[in-house]
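Participant: Have a look at this one before I ask anything.
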Amino acid sequence: MEHGHEGHTDHEGHRDHGPAQSHEHHAPAHGAGGPVSWGTAARATLHCLTGCAIGEVLGMVIGTALGWGNVPTMILAIVLAFFFGYALTLRGILAAGVDLRTAVRVALAADTLSIAVMELIDNGVIALWPGAMDAHLSEPLFWIVLAISLAAAFVITTPVNKWMIGRGKGHAVVHQYHH
């Protein structure tokens, strides 16, 4: 358990820095740039998974309701997955009082790789699962394969997020705004 992060001036490597010091330098004090727990990585991944799942389901519902084919429906689902993934991150950063331009840059830096990996796995499972692409929203196969694909995306993306956070990237960038 880490202690002494309040104030950021008393722990090693942070003494005698003037007030102009960028807060980004302090990211390692929040668990980035060193060992990262699997729990931290899992929470970051779950955050991305939430936005991805909202976008995926909404995209599939809209595409199906409009009578679109598989490819346009999947494209819409992917676009909405990125949109909602970024939106959830933006919501938290903006709530911390960060300006919109900075918040957008942070959200893009924090979530792009995580969402991309998640979408690749999620849509790959759905595309390769026999019958899944043709299953309708009212069929259990649709929901079962969607749940399996999201679970697989979570399992595969969590180590990616652990690696990124451990290097001060991904959700480590967001943590500096959560005080």
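The values are calculated or read from the model by the stated rules, or taken from the named source; none is laboratory data. Worth saying up front: this structure is predicted, and the values here are computed from it rather than measured. So basically every Cβ, Gly included, is an ideal-geometry build from the backbone, and we count neighbours across all protein chains shown. Side chains are part of the model used for accessible areas, which takes the heavy atoms of the whole protein and leaves out ligands, DNA and RNA. Shrake-Rupley method; radii C 1.70, N 1.55, O 1.52, S 1.80 Å.
Participant: I'd like to verify a number: residues in the stretch 122-151 that are closer than 16 Å to residue 58 by Cα, open to solvent by 50 Å² or more (accessible area, probe 1.4 Å), in contact with a helix residue (DSSP H, G or I) (Cβ under 9 Å, 6 or more places away or on another chain) and part of a loop (DSSP other than H, G, I, E, B), how many?
Facilitator: Final tally of qualifying residues: 1.
For every residue, the table says whether it meets (1) closer than 20 Å to residue 146 by Cβ; (2) part of a loop (DSSP other than H, G, I, E, B).
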{"position": "68", "(1), (2)": "yes, yes"}
{"position": "74", "(1), (2)": "yes, no"}
{"position": "78", "(1), (2)": "yes, no"}
{"position": "81", "(1), (2)": "yes, no"}
{"position": "91", "(1), (2)": "no, no"}
{"position": "101", "(1), (2)": "no, no"}
{"position": "108", "(1), (2)": "no, no"}
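Participant: Let me ask something additional. With the checklist (1) at positive phi; (2) assigned to a helix (DSSP H, G or I) in hand, flag the one item residue 50 doesn't pass.
Facilitator: (1) is the only condition that residue 50 fails.
Participant: I'd like to verify a number: residues in the stretch 43-73 that are under 25 Å from residue 104 (Cα atoms) and open to solvent by 10 Å² or more (accessible area, probe 1.4 Å), how many?
Facilitator: Qualifying residue count, the stretch 43-73: 9.
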